[in-house]
Amino acid sequence: MDFSFSDEQRDVQNLAQAILNDKATPERQDALEKQGERYDAQLWAQLAESGLLGVALEAKYGGMNFGFTELCLLIEEVGRTTAPVPVVPVLVSSVLPIQRFGTDEQKQRLLPGVASGELLLTAALMESCNENPATPALTNARAQGQGYVLNGSKLCVPFADKAQRILLSAQTDTGVGVFLLDPQASGVSLAPLKVTSQEPQFELLLNNVMVEAKDVIDTGAKGASIMQWLAERTSTAYCAMQTGVSDKSMRMTASYTGERQQFDVPIATFQAVGHRAADCYIDVECQRLVTQQAISLLDNEREATTEVEIAKIWTGDCGHRVSFAAQHLHGGVGIDKDYPLWRYCVWSRHIEMILGSSASTLALLGGRIAAGRAFAN
Amino acid sequence: MKIEFTPEQAALRTELRAYFEQLMTPELQDEVDATPGEGGGPLFWQAMKKLGQDGWIGVGWPKELGGRGMSDIEQMIFVDEVMRAGFPFPFLTTEAVGPVLAQHASERMKSELVPKILSGKLIIAIGYSEPAAGTDLASLTTTATLEGDEWVIKGQKIFTSLAQHADYIWLAARTNPDPDIKKHKGISIFLVPTNAEGYDCTPIHTLGDVTTNATYYDSVRVPADHLVGELDKGWRLVTGQLNRERMSLVNCGPVSQLLNNTIQWAMDNKLPNGDRVIDQPWVQINLAKVRSGIEVLKLMTYKSAWKASNPVEGEDPMTAAASEMADASAAKTYGTEFFVEAYRLLAEILGQASTLHLDSKGSELRGRLEMLYRTASIITFGGGANEIQRDIIAAAGLWMPRAQR
């Protein structure tokens, strides 16, 4: 058991903090939001320049050759600043499975560009009424020539308009296929969505879209397990982001209540206020611990389905409770869009609902318990 | 960061689990169940003696004091496994008071008591709380006055658990009555033999069938060298062990075992329609809630143990102490409130069978959930009321200003 961060991990954390604190200021985010798009291309370029976009990429693709732990440290800091950059869709949901399961040609073609910031990738992980990307129900792929023809639809696809390729799963004759879709290909249509977190998201419609052989990752034998692999990492990465989001909103609340005076004393000295904040501290500590465990196990390629589910359950519950406690203790100040707390609230909801809520994940864990696969040993 | 057991730690766990499974014979289990949480029967003392012989008492003590010198993580594994097995191990004597005594007691008391503790022949009860000094412990009024070469102790303690089996009371008494000094500054610790003249102990029968005691000190005289540590400096000995004590209160061993037993029960029992109890969605949800709550508890306790032997390099000692305090208080608050919730979630699965007493026909899981409903009332205020814990968290964890008291 080792809960410490190595010197290299601290370096990654410090570097990420320095850049994000400097560039992802509330004023900058406000300006981007007023322009109508929550994406900071300049910041993304700076993260590329610092090497952070390649933190978990092998050196031969221009990366730093670190692992999932270091990547999650970056993501936690993005959560702590609510920086408008697509770290999870790009660096986790699409880059990690390509690096792990893609062909050499795919890796050579796509990964160096991600590290240098020249291109974005994303993943389409949900369909209407289906939040499990390992069991696509509305999207199918049929072999044609060397490639596949895709039909169907995906919902809530982040940054679909800017991505060079969109990683997605589709039913094939032999199982679940994993494909890299070109959003510019004929038959693809994107409809913008308007979402709580203001992340740019799209509905993706596929009408006889041709995917060439070079963009196929798997045709069905291992597709479901690849999607499960990336879903666990995506969920866990969002848990890491929630740690940053909740921790920061809790600390903003602690300092606000220490300054805000009513009845001639700081409101933090009222036990009812202190205790609500203390409950946030407990929640954040719980969420952080189960998240770090999931990260550590995945980084070492251990079987960690139970631990990832537990982290996701805590993330949804903690994110929700801390968000409302922070708003409540801020009084009216927290809802004012000139004060940054509101962004932490909308991102808590974003993370809570992605890839299954606490309730649906509890049901999954309960099913695994009933199957004798999750005893408390 | 590597949050999993090392192969050596995993091997220790396996060894201990097998050891305690063997130690807990059905006869010992019956004896333990008859006196929940207490021990003290003949088979208990036999098991204690064996633990002493096998070197499993004082696992965390330094080797030069006769202990095993285990690391904090290994100690936590030990505590987990003992508690999972359900053996009423006298942790307060062996792991909380013991090492402090071995360090701070007089030479004569050390040479008399330490070998007995390490061989499993002696239990020490803690005498802190008084009828009018609970949460505000430093306002205690039991006094000790030096007369010649003896201390004369006068006062009353309450909730002196295990006093009925104990050879000594680890007693906090006021030794400096000066009203102008801060009240926690005039307190000292004494070892009071339970066979001393003027000492009396009467049982308090509790909701949970656990017997605790009121103890009385009617001019009890003890030799001068029964004072532990420095005069008037006992408060440090009282609080020095609090973080560790809070952590040991919320060990995840017993609730893990209880969850596993409930899962097995729900797999083995059928509903009228032929489905297993565990096939019902609500049962699965209850089990999953408990399962995910346990995971946090495990990580909290192991992280605190890990932290104890891995101080952050260059961290300001004040900051480190504050964060340790906040984490111990967070674990105590979370853990105790989780236990109350978990026992309910599991009892719901058994339904009315969870109200059948251990001794009753039809009881399930050795009546454990029936008993826990009654014993769990104490955990949210015992070991420091959770309100105080939340005060500590707000101040030490979040640096929020405190109200004047």
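The charge dipole of the protein assembly as shown, taken about its Cα centre with unit charges on the Cβ atoms of Lys, Arg (+1), Asp and Glu (-1) only, comes to about 740 debye. Computed across region B:248-405, the Kirkwood hydrodynamic radius from all distinct Cα-Cα pairs reaches 17.6 Å.
Would you mind giving the average projected area, over all directions, of the Cα convex hull of region A:122-220 in nm² with one decimal?
5.7
With a 10 Å cut-off around each Cβ of A:252-262, the average count of Cβ atoms from other chains is 2. Can you give the Kirkwood hydrodynamic radius of region B:147-206 from its Cα pairs, in Å with one decimal? The answer is 13.3 Å. Highest mean packing first, where packing is the average number of other Cβ atoms within 10 Å per residue, the peptides A:133-145, B:306-318, A:71-83 line up as A:71-83, A:133-145, B:306-318. Grouping the Cα pair distances of region B:77-124 into 5 Å bins from zero gives a pair-distance distribution of 5, 21, 28, 21, 12, 8, 4, 1 percent in increasing distance order.
Using the Cα gyration tensor of region A:1-136, with a ≥ b ≥ c the square roots of its eigenvalues, what is the shape: rounded (a/c below 1.5), prolate (a/b larger than b/c) or oblate (neither)? Here region A:1-136 falls in the rounded category. Scalar couplings 3J(HN,Hα) for region A:163-176, obtained by applying the Karplus form with A = 6.51, B = -1.76, C = 1.60 to θ = phi - 60°, are 7, 5, 9, 10, 6, 8, 10, 8, 6, 10, 4, 10, x, 10 Hz; x denotes Gly and Pro. The relative contact order of region B:153-205, computed from alpha carbon pairs under 8 Å that lie at least 6 residues apart in sequence, is 38 percent. All Cα-Cα distances of region B:321-405, cut into 5 Å bins from zero to the largest, leave 3, 15, 19, 15, 12, 10, 9, 7, 5, 3, 1, 0 percent in each bin in turn. Would you jot down the residues in region A:287-306 that end up with at least 30 Å² less accessible area in the complete protein assembly than in the chain alone, with a 1.4 Å probe? Output list: A:289, A:292, A:293, A:296, A:300, A:302. Roughly what percent of Cα-Cα pairs across region B:138-253 reach past 21 Å? In whole percent, the long-distance tail amounts to 42. With contacts taken as Cα pairs under 8 Å and at least 6 residues apart, region A:224-370 reaches a relative contact order of 30 percent. When the solvent-accessible area of region A:153-229 is split by element, carbon and sulfur atoms take up 48 percent of it, the probe being 1.4 Å.
Each peptide among B:220-233, B:278-291 gets the average number of other Cβ atoms lying within 10 Å of its residues, and from highest to lowest they stand as B:278-291, B:220-233. Do you know which residues of region B:1-47 lose at least 40 square angstrom of accessible area in the protein assembly compared with their chain on its own, with a 1.4 angstrom probe? Buried on complex formation: B:1, B:2, B:3, B:4. With a 10 Å cut-off around each Cβ of A:269-276, the average count of Cβ atoms from other chains is 5.
When peptides A:23-36, B:338-351 are sorted by average Cβ neighbour count within 10 Å, with the highest value leading, the order is B:338-351, A:23-36.
Measuring nothing but protein heavy atoms, the accessible surface of chain B at 1.4 Å probe radius is 54 percent carbon and sulfur. Taking every alpha-carbon pair in chain A and binning the separations at 10 Å intervals from zero gives 5, 24, 33, 25, 10, 3, 1, 0 percent. For region B:187-235, the alpha-carbon coordinates run over 39, 25, 13 Å along the three principal axes, in decreasing order. The residues of chain A have, on average, 38 Å² of accessible surface per residue, using a 1.4 Å probe with all protein chains present. The mean number of Cβ atoms from other chains found within 10 Å of a Cβ in peptide A:310-322 is 2, as a whole number. The calculated 222 nm mean residue ellipticity attributable to helices in chain A amounts to -17000 deg cm²/dmol, summing -39500 (n - 2.57) over DSSP H runs of n ≥ 4 and dividing by all residues. Quote the relative contact order of chain A in percent (integer), defining contacts as alpha-carbon pairs under 8 Å separated by 6+ residues. Answer for chain A is 15 percent.
Rolling a 1.4 Å probe over the protein heavy atoms gives region B:182-317 an accessible area of 45 Å² per residue.
Heavy-atom accessible area buried between chains B and A is around 4700 Å² (1.4 Å probe, both sides summed). Residues considered: B:158, B:126, B:263. Largest GNM mean-square fluctuation over chain B, using C-alpha springs under 10 Å, is found at B:263. Expressed per residue, the C-alpha convex hull volume of chain B stands at 164 Å³. Split the accessible area of region A:7-119 by element, probe 1.4 Å, and carbon with sulfur accounts for 45%.
So if we plug the beta-carbon distance of residue B:359 and residue B:242 into 1/(1 + (r/R0)^6) with R0 = 45 Å, what FRET efficiency do we get, rounded to 0.05?
On the way: r = 36 Å, r/R0 = 0.81.
Plugging the Cβ-Cβ distance into 1/(1 + (r/R0)^6) gives 0.80.
When the alpha-carbon atoms of region B:24-168 are used, the pair Rg, Dmax equals 16.8, 52 angstrom.
Pairs of C-alpha atoms in region A:314-377 farther apart than 21 Å represent 41 percent of all such pairs.
Using the empirical formula 2.2 N^0.38 Å as the baseline, the Cα radius of gyration of region B:200-260 reaches a ratio of 1.69.
Pairs exceeding 24 Å between alpha-carbon atoms, taken from B:63/B:121; A:107/A:162; B:154/B:183; A:23/A:248; B:270/B:298; A:154/A:194: B:270/B:298. When only alpha carbons of region A:224-370 are considered, Rg and Dmax amount to 17.0, 61 Å.
Here the protein assembly as shown is described by how far its Cα atoms reach on the three principal axes: 100, 65, 46 Å, from widest to narrowest. Applied to region B:100-107, the Karplus parametrisation 6.51 cos²θ - 1.76 cosθ + 1.60 on θ = phi - 60° returns per-residue 3J(HN,Hα) values of 5, 4, 4, 8, 10, 6, 5, 4 Hz, with x for Gly and Pro. A loss of 20 Å² or more of accessible area (1.4 Å probe, protein heavy atoms, ligands and nucleic acids excluded) relative to the isolated chain is seen in these residues of region B:249-266: B:260, B:263.
The values are calculated or read from the model by the stated rules, or taken from the named source; none is laboratory data. From a predicted model like this one, the values you see are computed outputs, not experimental measurements. Ideal geometry is used to build each Cβ from the backbone, glycine not excepted, and the neighbour counts take in all protein chains shown. Please note that ligands, DNA and RNA were not included when accessible areas were found on the heavy atoms of the full protein model with its side chains. Shrake-Rupley method; radii C 1.70, N 1.55, O 1.52, S 1.80 Å.
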